[in-house]
1. Given a 1.4 angstrom probe, what's the average accessible area per residue across segment A:243-306, in square angstrom?
2. What accessible area per residue comes out for segment C:195-273, rounded to a whole number of Å², with a 1.4 Å probe?
3. Where the only charges are on Cβ atoms (+1 Lys, Arg; -1 Asp, Glu), what is the dipole of segment C:309-370 about its Cα centre, to the nearest 20 debye?
4. Give, as a single signed number, the net charge of other residues whose beta carbon lies under 14 Å from the beta carbon of A:T60, with Lys and Arg counted +1 and Asp and Glu -1.
5. Rounded, prolate or oblate: which one fits segment B:320-455, using the alpha carbon gyration tensor with axes a ≥ b ≥ c (rounded when a/c is under 1.5, else prolate when a/b beats b/c, else oblate)?
6. Averaged over A:34-44, how many beta carbons belonging to a partner chain fall within 10 Å of each residue's beta carbon?
7. Where nothing but the Cβ of Lys and Arg (+1) and of Asp and Glu (-1) is charged, how large is the charge dipole of chain A around its Cα centre, in debye to the nearest 20?
8. Under Stokes-Einstein, with the Kirkwood radius over Cα pairs standing in for Rh, what whole-number D in µm²/s applies to segment B:12-225 at 37 °C and 0.692 mPa s?
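The values are calculated or read from the model by the stated rules, or taken from the named source; none is laboratory data. Because the structure is predicted, anything quoted here is derived from the model rather than measured. Cβ atoms come from the backbone with ideal geometry, glycine included; neighbour counts cover every protein chain shown. All accessible areas refer to the heavy atoms of the entire protein, side chains included, with ligands and DNA or RNA removed. Shrake-Rupley method; radii C 1.70, N 1.55, O 1.52, S 1.80 Å.
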Amino acid sequence: MSADPKKRKSERSGRARRFAALVRKESSQVVRDPSSILIAFVLPLILLFLFGYGVSLDTTQTRIGLVVEEATPLTRDLAASFQASRYFAVANGRDRREFEDDLILGRVRGIVVIPARFAADHAAGRHPAVQVIVDGSDPNTANFVQNYAQGTVANWERQRTLEGQGQPPAIAAQQRFWFNPELTSRNFLVPGSIAIVMTLVGTLLTSLVVAREWERGTMEAMMATPVSAAELLAGKLLPYFILGLSSMTLCVLLAIFLFGVPFRGSVVALYALSATFLMPALGQGLLISAATKNQFLASQLALISAFLPAFLLSGFLFEINSMPTIIQWFTYIVPARYLIPSLQTVFLAGDIWPMFGRAIAVMFLIGCVFFALAARSTRKRIG
Amino acid sequence: MTSGADTGAAAPFVRLAAVSKRFGAAPPALDSIDGVIEGGRITGLVGPDGAGKTTLIRLITGLMLPDEGTVEVLGYGTRKDPASIQAAIGYMPQRFGLYEDLSVQENLDLYADLRGLPLAERGRTFAELLEFTDLARFTTRLAGKLSGGMKQKLGLACALLRKPRLLLLDEPGVGVDPISRRDLWKMVENLTAEGIGVLWSTAYLDEAEACDHVLLLNQGRLLFAGSPPEMTGRVKDRVFRLSGTTGRRRERLARLLDKDGVVDGVIQGEAIRLVMKQGLTPPLLEGSSGSATATPPRFEDAFVDMLGGGPGGRSRLAETQRQFAADGGRPVIEARGLTKRFGDFTAADNITFDIPRGEIFGLLGPNGAGKSTTFKMLCGLLKPTAGEGRVAGFDLRRDAAEARNRLGYMAQKFSLYGDLSVLQNLNFFAGVYGLSGARKRERIGLMTEIFDFGTIHDMSAKDLPLGLKQRLALACAVLHEPEVLFLDEPTSGVDPITRREFWTHINGLVEKGVTVLVTTHFMDEAEYCDRISLIYRGRSIALGSPDEMKARVAGMDLPDPTMEDAFIALVQGSEAKEAA
Amino acid sequence: MWWGRLKALIVKELLAVLRDPKGRTILIGPPIIQLLVFSYAATLEVKNVDLMLLNRDNGHWSQELVQQIGGSPTFRSIRLANSPAEIQFAIDNQHVLAAVEIGPTFSRDIEAGKPAEVQMILDGRRSNASQIVSGYLSRIVGTLAAETPAGERAASQAIRVEARNWFNPNLIFQWFMVPNLVASIALLIGLIVTALSVARERELGTFDQLIVSPLRTHEILIGKLIPPMMIGLFHITIYILAAVFIFGVPLRGSLFLLYGSAIFYLAAVVGLGLFISALSMTQQQAILGAFLFMVPAMLLSGFATPIENMPSWLQPVTLINPLRYFLVIVKGVFLKDIPVAEVVHQTLPLCLIAVVTLSSAAWLFRRRLE
């Protein structure tokens, strides 16, 4: 019977029509449901703004106290180079005790002390020293203050060498920061946050809408029609796939035109990476909703199992290499771990296909696993 | 053709053989059910909430598989060939399965595509169904914005798009006004004339009576399968109506229920309805007049009889209740022109009534008619847009705490703390109502004794069976001996025995001077009230005793109208007046 | 009388959270995950760095440099490159974070007393890690420079930068992170427990029960306020114990001050939770609302990055964030033994936030009943 070509053809057109109907339905629901718009467009904007403006690892204008214990031409010259540094906002003093309270209260991040003997030691070649006291309660900032203070002193020495006073350094270390010479943290945070946004749309929103169908009983009504489970899933996925790509596009445009992040790669690479990433993201959303069938649980699970790992365990803010080995293993199954470096590369470095190829392959693989699991738990059966 | 579909004309559409289904460790949801559903007639799947109706329907659709036994639908096994079944049936799940953010037409289009309705037939089918359901005017309206009755019709239309051979309707009558319910029934009857088999599940026993065939479920077991007359035949010549009685009929009913030979009894307007044991006539009570006439039995009479009769008439709860003295005749509950508007929608419009002490007053109407709004304004949950409501002389929105100490409240759905144990719930409500020390212990002890909570003190309330939940809700509402009771749909969906027990307590409390305001969309329950206000589209269209209402619509063609007849006639009368 | 009602309400509220498996999960799951993930994984330290070396010099000094780099614990692996193209490929594909290129005349220049050059190439896509690595590398190069003949000659005049880290001499990242977590866990738990408690009652219909009971609105609010605060204090205590006994963070200030301000902090947090739950109709909306508040609150608090790094127009926004103030107090009490005046100074805004959020929540509840 199934060999009858006419029947097969009609089956095929029936399937196409059912699929189109599902997609149409889902799309009009997205357009009419304010919570979809909220998650797909408003939330991304908020996140993008937070990472574009709020989170900045650039330590520019860090407040320090500068203590010049003895005013000599030499110390004044060194002090001037601290005052001129774009990394520091300097408050001047004559005694370190003036700033001790400020350091405790966090009003300054460090105290640079040019001691009384400095000029004399320098003149006499008695190993002059500059003291840097930093607030160790924030180790990251403390590190930066130390590095910048060192850099400022080194610059000053180099400057004096050029002016013919003093010795050139024995070894000059030239540093070059590729792709982001100004070290603007926004340039890597904004592309990274696009991956977070797509996780939200792909996993959170998808799991919510599917769970909603279970809650409202519409899933049951659909299942009692000739629709197959695969059609149901595909009909759900296509609209959210497109929605995910649209909010990604919105974010990319904002990143380029509002935040001025350079875009050096190709649009093809951008979409290839994003589209592949949506596979595991959507698959995970489907899996969550099929397993919970309840919007409340789905939202919690999506936040814990998708949003947080994408945020914390993807290399977005925190270096994966610095994590304990067990957690490093875990990061291998976090899809955002592959997308975030690739997005940063598309923006800052350009198309580096060996890297993208690997990322796409792994994300595709994870996506297949999620889909297989989701399809297994969304058979046409209840309970 | 495939092997299964070749069935003779006489073969039943659905064949259930020893079907069982369990969920977790709970008692089986369905326990060895056998039965058939045939084409060309309406089969009622009848039973209280939690009896297993929805589970059985899901087993028939093939969306769920039985643990034991087999389900065969239209010749296909649900285990092997669910796809063929799903292609041939129409199914309307409990909340109609509609997409609320799609319009009527979009819902129809969606289901037409999913069911593979050929494009050429669409115009005609849509037109037919829209006319049939009277929805043609509303095609662009969002399904979420339709009234309950309209949603139900749209749900039916979606299930009928490609004429199914078997139509499964899961509680289509819930939350729908009687007129829509009657319309729907007529539509479904027309379908059976074309040979379609219909399964109509319901918790309302009056709906069961109208079916051609009934499967009666209780606690997962099939109690009865057959035609309604077969069922009512059980209690043939055993049902009587005691009318023209003088004196307090509730107190009389309580005494009658404790007599030997009385199987069941309820208040029915001014009269008392009794079911006697075989061959016995209603006993006479000293000091009361009135006559007993035999009356046709109803499905519910037979159901109670089947379950071994109703509970006795004694309410320990009422016996321990202090008496509220009749005072100066001032009404205990007053509604004066209560009006509530939400935007441009008037949910309740100028509703006025008084309830004297010791009366049961009912707000009767379909869901969404405004009875809950009125109810909520009176107990202080909503602020009226205009008018005022007073309880025991207090405006509940102004004289909050003290006045509220005098009222007990029982919400529509079970609304105690499900995660708290029975005892913790009792403790909480006792604390909130200011009981403490010896008095708290005494009242909680009493409730435990009366309602038999002793063995289940530590169970979480959400794990209780429906009947016990309902008892616990009542216990929590009366812990502090309120003089006014607000009951919102107190017994919808519970089994008749629990319902009788509940009303025995309420009747007893009323005898002690407690005043009761009850909302219901349950026509039978309305007859337990002294007076009712019929609420329809936000207005009170009739006020009076149940008998008065029935008398008002009685006529040549309806000599002995039911409450539902009265309701429909009064609504139609009011609509006609509006149109004029 | 009112105390009896309130007690009943508080007991009920605690039982409702503790007896609900979902509630118990919330009380146990997130705190453990947060403690583990943040204190171990979420670190801005840079360890296990992969480095590439292109050494075109075969003299003694380049060998010396390679050895010194190899001896540094920061670097996990050092790959040797044969050409600049290899470096480019490895950095492009993020196989290494940084590369060091030593020119062919390196040793010769040093021996000749001429300034020798080393090139460091770092991946600017990971600018935070790169900067830290460049600091490490510079220090190694500086040490080597001091050993060269020219360096030794100049050493007497070269300026040493002596760094001293107050409060945390070894810059242990967990000393920074774990006290932060004390504040953030209270935010997380306080917000979720509160936001859910009202939404759950509304969803289950028990809220109507409360309103028709003799409880007054402010009693309901207080009854909703105290249990999450108790739960929050419990979590704060657990985290403080973990900080001291598991992570060895020194507790230098007064616990009394810490708990005193924690009460106001929790009141502010629970006030926000009540506000969110007064706005939401369902538990799902409450969760999303709490989430929508929590992410910006964490990012704009000084937790991950200092507030002074933010653009100046954004900094005032952080003033309404209770986490911002309590972070200062927790870190201050733990590591710095900050003075009472400063604790008070940071607690006052918390009081203000609590008053505003609680009264607006009360107003919203009343309005919802209309």
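1. For segment A:243-306, the per-residue accessible area is 32 Å².
2. 33
3. Charge dipole of segment C:309-370: 220 debye, to the nearest 20.
4. +1
5. Here segment B:320-455 falls in the prolate category.
6. Whole-number average of other-chain Cβ neighbours for A:34-44 is 1.
7. Dipole of chain A, to the nearest 20 debye: 2320 debye.
8. D, rounded to a whole number, is 188 µm²/s.
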